[in-house]
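Below: the structure, in structure tokens.
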Amino acid sequence: MLRLAIQKSGRLSEDSLNLIRECGISFLSASYKLKTEATNFPLEILYLRDDDIPGYVQDGVADLGIVGQNVLVEAGFPALEVEGLGFSKCRLSLAVPRAAAYDSVQDLQGVNIATSYPQILGAYLMERGVKANLHTISGSVEIAPSIGLAEAICDIVSSGSTLLGNGLREVETVFRSEAVLIANQNLSAEKKELLEQLQFRMQAVRRARR
Ligand code: ATP
Ligand code: ZN
């Protein structure tokens with residue numbers, strides 16, 4: 001039996017469940033449960049916080065997972081990615097206060113930047129030879145400039161309205177993300193076979209949606 005970890009409640013949850021259902025896999029979903037077993041496919045679904053999914057798949061606690069590439073890469077396990085799923089598209093962007101002068105990423109030299117993505121942002125800045133002071137915070141990153149914690153932020157953006165509402169403007173795209181299917185790298189032959197069946201169905205669902 002394959003164990004698939006998905007986000008318990010959040011922006012990935014509904015699309016992840018819909019994808020599994022559209023693959024013809026039936027299961028009872030009760031939102032208070034931590035796991036459910038499918039009735040017509042050898043699959044168990046685990047409901048977890050998205051941040052925990054890459055580590056659980058890396059360790060083999062779960063065989064498969066559905067998670068944002070942003071969380072996967074930040075966790076340091078990009079090699080677990082099997083395929084993109086086309087939903088939860090968003091970007092990780094740098095933003096500065098609307099009135100701040102900004103010409104290029106070089107202007108961030110020595111600047112305090114608040115983010116929940118220190119690994120991805122650190123690599124981006126290093127490639128460009130910029131040394132900034134990264135302050136890692138886990139939520140409400142966009143208010144950091146207004147409370148004096150940082151002069152810039154790097155956060156997930158989809159429409160940009162949250163940035164505008166906080167008096168910020170987007171100046172650089174650091175990373176583009178979508179939901180991805182991930183898999184443990186040491187699956188047994190039986191599990192690999194099941195993964196292939198699942199991928200085949202997922203690809204058919206995506207073709208049918210186009
Ligand atoms: P958890 O409680 O599981 O830790 P969370 O608050 O960290 O949840 P969500 O806000 O539910 O996470 O976002 C989950 C993922 O959805 C993000 O990591 C990202 O890949 C994607 N995402 C985030 N914001 C958006 C958005 N505005 N539009 C589309 N996708 C987004
Ligand atoms: Zn999270």
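Only the coordinates and a few stated rules stand behind these numbers; no lab work does. For clarity, every value in this text was computed on a predicted model and none was experimentally measured. Using ideal geometry, Cβ is built from the backbone for each residue, glycine included, and neighbour counts are taken over all protein chains shown.
Which residue fluctuates the most in the chain, going by a Gaussian network model with Cα springs under 10 Å, if the choices are 53, 113, 147?
In this elastic network of the chain, the residue with the biggest mean-square fluctuation among 53, 113, 147 is 147.
Give the residue list of GluC sites (Glu not before Pro) in region 110-201 that are DSSP loop and have at most 16 other beta-carbon atoms within 10 angstrom.
Those satisfying the criteria are 178.
Would you give the gap between the C-alpha center of region 82-109 and the C-alpha center of region 157-195, rounded to a whole Å?
14
May I ask you to list the aspartates and glutamates whose Cα is less than 13 Å away from that of residue 89, ignoring any residue fewer than eight positions away on the same chain?
Correct list for residue 89: 15, 178.
Between residue 159 and residue 81, what length in nm is gained on full extension when 0.36 nm per residue of separation is reduced by their alpha carbon distance?
Answer, rounded to one decimal: 25.5 nm.
Based on the mean of other Cβ atoms within 10 Å per residue, sort peptides 36-45, 66-75 so the most packed one is first. Could the numbers behind the result be given before it?
Details: 36-45: 15.9, 66-75: 23.8.
Descending mean neighbour count gives 66-75, 36-45.
What does DSSP give for region 90-176 in terms of the percent of beta bridges that are antiparallel, rounded to the nearest 5? Can you show the working numbers first?
Values: 12 of 19 bridges.
Bridges in region 90-176 are about 65 percent antiparallel.
Order of 131, 8 from fewest to most other C-beta atoms within 10 Å? Write out the running numbers ahead of the final one.
Numbers: 131 10, 8 16.
Lowest to highest Cβ neighbour count: 131, 8.
Express as a percent, rounded to the nearest 5, the fraction of DSSP beta bridges in the chain (both residues included) that run antiparallel. Don't jump to the answer; show the numbers that get you there.
On the way: 25 of 40 bridges.
The answer is about 60 percent antiparallel.
Taking amide H atoms as placed 1.01 Å from N in the peptide plane, list the residues 5 or more away in sequence, or in a different chain, whose amide H sits under 5 Å from that of residue 83.
Answer set, sorted by chain and number: 181.
Let me see the P(r) profile for the chain: every Cα-Cα distance counted, bins of 5 Å, each bin given as a percent of all pairs.
1, 7, 15, 17, 16, 13, 10, 9, 7, 4, 1, 0
May I ask you to list the lysines whose Cα is less than 16 Å away from that of residue 35, ignoring any residue fewer than eight positions away on the same chain?
Straight-distance partners of residue 35: 8.
Taking springs between alpha-carbon atoms closer than 10 angstrom, which of 128, 49, 169 fluctuates most in the Gaussian network model of the chain?
128
Full-extension gain between residue 170 and residue 106, please, as 0.36 nm times their residue separation minus the C-alpha to C-alpha distance.
Numbers: separation 64, 0.36 × 64 = 23.04 nm, distance 1.53 nm.
Using 0.36 nm per residue and subtracting the Cα-Cα distance, I get 21.5 nm.
Please compute the modelled spin-label separation between residue 199 and residue 61, points set 7 Å along Cα→Cβ, answer in nm with one decimal.
So the two model labels end up 2.5 nm from each other.
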